[in-house]
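The values are calculated or read from the model by the stated rules, or taken from the named source; none is laboratory data. Because the structure is a prediction, the values reported are computed rather than measured. Methodologically, a virtual Cβ is constructed for each residue, glycine included, from the backbone with ideal geometry; neighbour enumeration extends over all protein chains shown.
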Amino acid sequence: LMLGGATNMFTGCAAPPPPWLKEKYAIDIDAEVDQTMKELGIKPLPEDLRGDASTRVAEAAQSLGYDWQPQPKFMNPARAERFDCGAKCMLGCRCGAKWTACEYVDEAGAAGAKVVTRARVDRVLVEGNRCVGVAGRRFEARAGTVVLCAGGIGTPRILQASGFSEAGVGMTMDTTVMVYGFGEDTGIGKEPPMTWSWVNDADGYMLATLADPWLMYPIITMLKGPKYVMTWPRWRNLLGIMIKLKDDISGGVFPDGRISKPTTEHDKQGLTRAEQVCREILVAAGADPGTLYVSPQRGTHPSGTVRLGTMLNEDLRTETPGLYVCDASVFPEALCRPTVLTIIGLAKRLARHVVSEASS
């Protein structure tokens, strides 16, 4: 756990919320998202920084009829003394170009908020059917309004310890795999990650240019099998496409500490369709068909564990007055796209509601 959470390790990708959030659940955060994009200067990287190999993959996809576009980013190369972005972005930004939520924390502190680190919250405090604070290791904090934002795994665990039995029942993960192949030219590993992408909402998946960092690649491939680890010396020639699947709600975060996210038959069918598209694109981009393989599955966005419409009303409030949730756990379905911009939009909307409630 660290200040700023997953934004320290994300690839700096920004995506507006899916249309169904407004159409099915009446959650309209378009204004908040637009405001955030202007405030943080969210936009695609300049053309000359999107990577030659990544652009080659995107152009191959476009030639096959897939509408790949430059991916908007929480990045400003001008902030870096020397812009030096690659797959290593997932291990933390060394050059300083990437925005993280730590900047919001700094702003809150400057405005008078008290930031308490090394404080573990175990449960919420409820008195007289109203939330009055939180309790944790060696501390207790009382407040008229509590907003839990411990993430898709941490938030349901706090609620479970506080008597909310529905928390953690079912989850989504935006189940992710990489489809890899090797060509003769330099690959995408030393290029900024996810500079190009395409969301296929009709079939429920997102594709983007991405490769595991050099140090992580052998660890991930070992899970696939020893022969795949032997491809590590060819990492510099690696072409990769990430599949992010809109997976079904299943499994959950359980009070005994277990986390389970079974892959449903529907999920498997979606992955198979997406993998075939990726293979087609990679070959068109210059990958040797005989080198193509699919990485082991991973869960990149644990979410949907305290769902809007199930445990939360449209204001993200629980059944207990004064207790709100605002993180990826509130998603009613898998987002199937980068989550951070949607969470910021929800947070701004919630902040406005809380201020309105306090002043009424």
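Numbers at a glance
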quantity: Pick from the range 93-131, criterion small (Gly, Ala, Ser) and touching a strand residue (DSSP E or B) at 6+ places or on another chain (Cβ under 9 Å), ranking: surrounded by the most Cβ atoms within 10 Å (Cβ to Cβ); calculated: Ala97
quantity: In the range 201-229, the residues that are free of Cβ contacts under 8 Å to residues at least 12 places away in the same chain and not small (Gly, Ala, Ser); calculated: Ile219, Met222, Pro226, Lys227, Val229
quantity: Number of the exception - Leu1 against (1) assigned to a loop (DSSP other than H, G, I, E, B); (2) surrounded by fewer than 19 Cβ atoms within 10 Å (Cβ to Cβ); (3) at pLDDT 90 or above; (4) under 19 Å from the mean Cα position of the chain (by Cα); calculated: (3)
quantity: Checking Trp214 against (1) in a loop (DSSP other than H, G, I, E, B); (2) surrounded by 21 or more Cβ atoms within 10 Å (Cβ to Cβ), the condition it does not meet; calculated: (2)
quantity: Lone unmet requirement of (1) more than 22 Å from Asn8 (Cβ to Cβ); (2) in contact with a Leu (Cβ under 7 Å, 6 or more places away or on another chain); (3) not small (Gly, Ala, Ser) for Trp99; calculated: (1)
quantity: Pairs with Cβ under 6 Å, 6+ apart, first in the range 58-75 and in a helix (DSSP H, G or I), second buried (at least 20 other Cβ atoms within 10 Å of the Cβ) and modelled with pLDDT of 95 or more; calculated: Ala58/Trp68; Ala58/Trp196; Ala60/Ile281; Ala60/Ala285; Ala61/Trp68; Ala61/Ile281; Gln62/Trp68
quantity: Only listed residue being of a type in the set (Asp, Glu), modelled with pLDDT of 95 or more and not in a loop (DSSP other than H, G, I, E, B), chosen from Asp267, Asp203, Asp247; calculated: Asp267
quantity: Failed condition for Val147, given (1) touching a strand residue (DSSP E or B) at 6+ places or on another chain (Cβ under 9 Å); (2) part of a loop (DSSP other than H, G, I, E, B); calculated: (2)
quantity: Residues that are β-branched (Val, Ile, Thr) and in contact with a strand residue (DSSP E or B) (Cβ under 9 Å, 6 or more places away or on another chain), drawn from the range 339-360; calculated: Thr339, Val340, Val354
quantity: Members of the range 270-316 that are among the basic types (Lys, Arg) and assigned to a loop (DSSP other than H, G, I, E, B); calculated: Arg307
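Let's see how each residue does on (1) free of Cβ contacts under 8 Å to residues at least 24 places away in the same chain; (2) touching a His at 6+ places or on another chain (Cβ under 8 Å); (3) in a strand (DSSP E or B); (4) not charged (D, E, K, R):
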| site | (1), (2), (3), (4) |
| --- | --- |
| Thr320 | no, no, no, yes |
| Ser329 | no, no, no, yes |
| Leu335 | no, yes, no, yes |
| Ile343 | yes, no, no, yes |
| Ala351 | yes, no, no, yes |
| Val354 | no, no, no, yes |
